[in-house]
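In what follows, a structure is listed as structure tokens, so that the remarks can point back to it.
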Amino acid sequence: MLDPLMRRLIDSPLDRVGRRLAGVGISANAVTLAGFAVGLLAIPCLAAQWYGTALAAILVNRLADGLDGAVARHTALSDFGGYLDIVCDFIVYAGVAFGFALARPENAVPAAFLILSFVGTGTSFLAFAIVAAKRGLSSDARGRKSLYYLGGLTEGTETIAVFVAFCLFPGAFAALAYVFGALCWLTTAARVMSARRGFG
């Protein structure tokens, strides 16, 4: 929901950094994989309840997620790059919830609910993109992307915000996970309705 606003704020500085990285020969996929590796470090940090360190890893991961696209736009957008980006994103998203489950036993059920909710948003997003590609549909409403980007109530900006809240207020993880998970299901329902209208 907030991604279009956030893009207006961050696209220009990300584009400048992306141009420089591309200029020295760093590929978009290298940025994606480096960010993914850092994002995975959040899991053991969360398990150890090192919430500040975990938050730093998550933020670096999210920065890399913005930079890889900027680098790709200064080299070449690729189908594999878009695929790799999405795969790494959803593994890190689930990994954050898993890390909180490892941190405290009482977090296990809300973490499982959050991962289930991410399955809903992820599959509704990717399945729409597959059918849109089959039908030759495209959209640049969210910037140049490797695949059709269908928005929703819970997008990247909202996910980052809730991850920051998780790390700053770990005692509130369960409540926040249930609320955000419910919002994810509203996003999934809205995407299914969009698909029904768009695909008939």
Next on the checklist: List pairs: first residue in the stretch 180-200 and farther than 27 Å from G136 by Cα, second residue assigned to a helix (DSSP H, G or I) and open to solvent by 40 Å² or more (accessible area, probe 1.4 Å) anywhere in the structure, Cβ distance under 8 angstrom, at least six positions apart or on different chains.
Outcome noted: G181/F113; G181/L116
Checklist entry - Out of the residues in the stretch 119-171 that are of a type in the set (S, T, N, Q) and at pLDDT 85 or above, which is nearest to R196 (Cα to Cα)? => result S124
Checklist entry - How about the stretch 184-200: which of its residues are open to solvent by 40 Å² or more (accessible area, probe 1.4 Å) and either under 19 Å from T157 (Cβ atoms) or not in a helix (DSSP H, G or I) (or both)? => result W185, L186, A190, G200
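Answer yes or no as to whether L21 is at pLDDT below 95, open to solvent by less than 60 Å² (accessible area, probe 1.4 Å) and touching a His at 6+ places or on another chain (Cβ under 9 Å).
Working: at pLDDT below 95: yes; open to solvent by less than 60 Å² (accessible area, probe 1.4 Å): yes; touching a His at 6+ places or on another chain (Cβ under 9 Å): yes.
So L21 passes the test.
Could you tell me which of the residues T53, T75 is in a loop (DSSP other than H, G, I, E, B) and polar (S, T, N, Q)? Working first, answer last.
Working: T53 fails: in a loop (DSSP other than H, G, I, E, B).
After ruling out the rest, the residue left standing is T75.
Rundown of residues vs (1) charged (D, E, K, R); (2) within 17 Å of I86 (Cα to Cα); (3) open to solvent by 20 Å² or more (accessible area, probe 1.4 Å), yes/no style:
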{"site": "N29", "(1), (2), (3)": "no, yes, yes"}
{"site": "F36", "(1), (2), (3)": "no, yes, yes"}
{"site": "L40", "(1), (2), (3)": "no, yes, yes"}
{"site": "P44", "(1), (2), (3)": "no, no, yes"}
{"site": "L55", "(1), (2), (3)": "no, no, yes"}
{"site": "I58", "(1), (2), (3)": "no, yes, no"}
{"site": "L63", "(1), (2), (3)": "no, yes, yes"}
{"site": "D68", "(1), (2), (3)": "yes, yes, no"}
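If I filter the stretch 1-18 down to residues being more than 13 Å from L63 (Cα to Cα) and at pLDDT below 70, which single residue comes out as nearest to the chain's Cα centre (by Cα)? I'd like the intermediate steps shown before the answer.
Step one: of the stretch 1-18, the residues more than 13 Å from L63 (Cα to Cα) are 1-5, 8-9, 12, 16.
So of that shortlist, the ones also at pLDDT below 70 come out as 1-5, 8-9.
Numbers: M1: 13, L2: 13, D3: 11, P4: 14, L5: 16, R8: 18, L9: 18 Å.
Selected residue: D3.
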Checklist outcome for this item: Counted residues in the stretch 186-200 being of a type in the set (D, E, K, R) and more than 21 Å from the chain's Cα centre (by Cα) come to 2
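The values are calculated or read from the model by the stated rules, or taken from the named source; none is laboratory data. This one's a predicted model, so the numbers in the text were calculated from it and none came from an experiment. FYI the Cβ positions are ideal-geometry reconstructions off the backbone, even for glycines, and counts take in every protein chain you see. Areas reflect the complete protein model, heavy atoms only, side chains present, ligands, DNA and RNA absent. Shrake-Rupley method; radii C 1.70, N 1.55, O 1.52, S 1.80 Å.
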